[in-house]
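Structure record follows, encoded as structure tokens.
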Amino acid sequence: MPVVEVETRSAEETEALAALLARRLSPGDVVLVSGELGAGKTTFVRGACRALGVTARVTSPTFTIGHRYAGSVEVSHLDLYRFRGLSAAEWGDLEPYFEGAVVFVEWPEAGAAALPSPRASVRLEHVSRGTRRVAVDADDKTLLEEVAGADPGFRHGD
């Protein structure tokens, strides 16, 4: 998949970047969000949720596995951090989150064999204090153009 890299210098910039991506999403789309602990995965998802009309508090579902939010579309937010793969029974528990929703999956590596094909994959990395590198992979050229057209305050990776 082609990749666009952008550096953000605050949580607000990370959320704004996610909002750009979210404008191109619709129910049935899956976005995989990966990165080390504290890289800003939930911050990214929060920004996307806001752009999708979610007004509820967006928090990490690490211990609950998933949250479902109502917005202009339904949004599911999953966190597979505690998983080491997905059994058929575990997939059965997660499957309803994918029905009729835009879905964000943090720590998707554990579900790689079972998860639906993503519309986009996002990787967040620490660059320095407060600065993150956000790499977005997608086959959808218009989605990548939306992210690449981010506010000039963002620094694009080459």
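Out of everything in segment 1-22 that is at pLDDT 90 or above and part of a loop (DSSP other than H, G, I, E, B), what residue ends up being nearest to R82 (Cα to Cα)?
S10
Which is aromatic (F, W, Y), more than 12 Å from V30 (Cα to Cα), within 16 Å of the chain's Cα centre (by Cα) and surrounded by 17 or more Cβ atoms within 10 Å (Cβ to Cβ), of Y69, Y81?
Numbers: Y81 fails: surrounded by 17 or more Cβ atoms within 10 Å (Cβ to Cβ).
After ruling out the rest, the residue left standing is Y69.
Starting from residues that are touching a Phe, Trp or Tyr at 6+ places or on another chain (Cβ under 9 Å) and surrounded by fewer than 20 Cβ atoms within 10 Å (Cβ to Cβ), keep the ones in segment 29-41 and report whichever is modelled with the lowest pLDDT.
L37
From R84, R132, R155, grab the single residue that is in contact with a Gly (Cβ under 7 Å, 6 or more places away or on another chain) and either at pLDDT below 80 or of a type in the set (D, E, K, R) (or both).
Values: R84 fails: in contact with a Gly (Cβ under 7 Å, 6 or more places away or on another chain); R155 fails: in contact with a Gly (Cβ under 7 Å, 6 or more places away or on another chain).
Going through R84, R132, R155 in turn, just one is in contact with a Gly (Cβ under 7 Å, 6 or more places away or on another chain) and either at pLDDT below 80 or of a type in the set (D, E, K, R) (or both): R132.
Any residue at all in segment 42-54 that's assigned to a loop (DSSP other than H, G, I, E, B), of a type outside the set (A, V, I, L, M), without any contact (Cβ under 8 Å) to a residue 40 or more places away in the chain and surrounded by fewer than 22 Cβ atoms within 10 Å (Cβ to Cβ)? Break it down stepwise before answering.
Taking segment 42-54 first, the residues assigned to a loop (DSSP other than H, G, I, E, B) are 52-54.
Still in the running and of a type outside the set (A, V, I, L, M): 53.
Among the residues that remain, those that are also without any contact (Cβ under 8 Å) to a residue 40 or more places away in the chain are: 53.
Applying the additional criterion that residues be surrounded by fewer than 22 Cβ atoms within 10 Å (Cβ to Cβ) yields 53.
Yes, that holds for at least one residue.
Test V102 against the criterion of being in contact with a helix residue (DSSP H, G or I) (Cβ under 8 Å, 6 or more places away or on another chain), buried (at least 18 other Cβ atoms within 10 Å of the Cβ), touching a residue at least 40 places away in the same chain (Cβ under 8 Å) and not in a loop (DSSP other than H, G, I, E, B), and give yes or no. Break it down stepwise before answering.
On the way: in contact with a helix residue (DSSP H, G or I) (Cβ under 8 Å, 6 or more places away or on another chain): yes; buried (at least 18 other Cβ atoms within 10 Å of the Cβ): yes; touching a residue at least 40 places away in the same chain (Cβ under 8 Å): yes; not in a loop (DSSP other than H, G, I, E, B): yes.
Judged against the criteria, V102 is a match.
Please verify whether A19 is closer than 27 Å to R129 by Cα, under 11 Å from the mean Cα position of the chain (by Cα), buried (at least 23 other Cβ atoms within 10 Å of the Cβ) and of a type in the set (A, V, I, L, M), treating the condition exactly as stated.
Considered against the rule, which asks whether it is closer than 27 Å to R129 by Cα, under 11 Å from the mean Cα position of the chain (by Cα), buried (at least 23 other Cβ atoms within 10 Å of the Cβ) and of a type in the set (A, V, I, L, M), A19 comes out as no.
Which one of V45, V30 is in contact with a Pro (Cβ under 6 Å, 6 or more places away or on another chain) and within 21 Å of R68 (Cβ to Cβ)?
Checking each option against the conditions leaves just V30.
Which of (1) of a type in the set (A, V, I, L, M); (2) under 21 Å from R132 (Cβ atoms); (3) in a helix (DSSP H, G or I) is the odd one out, the single condition L94 does not satisfy?
Here L94 clears every test but (2).
Here is a yes/no grid of residues against (1) surrounded by fewer than 12 Cβ atoms within 10 Å (Cβ to Cβ); (2) among the aliphatic types (A, V, I, L, M); (3) under 23 Å from V6 (Cβ atoms):
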site	(1), (2), (3)
V73	no, yes, no
S76	no, no, no
A89	yes, yes, no
L94	no, yes, no
A112	yes, yes, no
L124	no, yes, yes
V127	no, yes, yes
T131	no, no, yes
A138	no, yes, yes
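The values are calculated or read from the model by the stated rules, or taken from the named source; none is laboratory data. Worth saying up front: this structure is predicted, and the values here are computed from it rather than measured. Backbone-built Cβ (ideal geometry, glycine too); neighbour counts: all protein chains shown.
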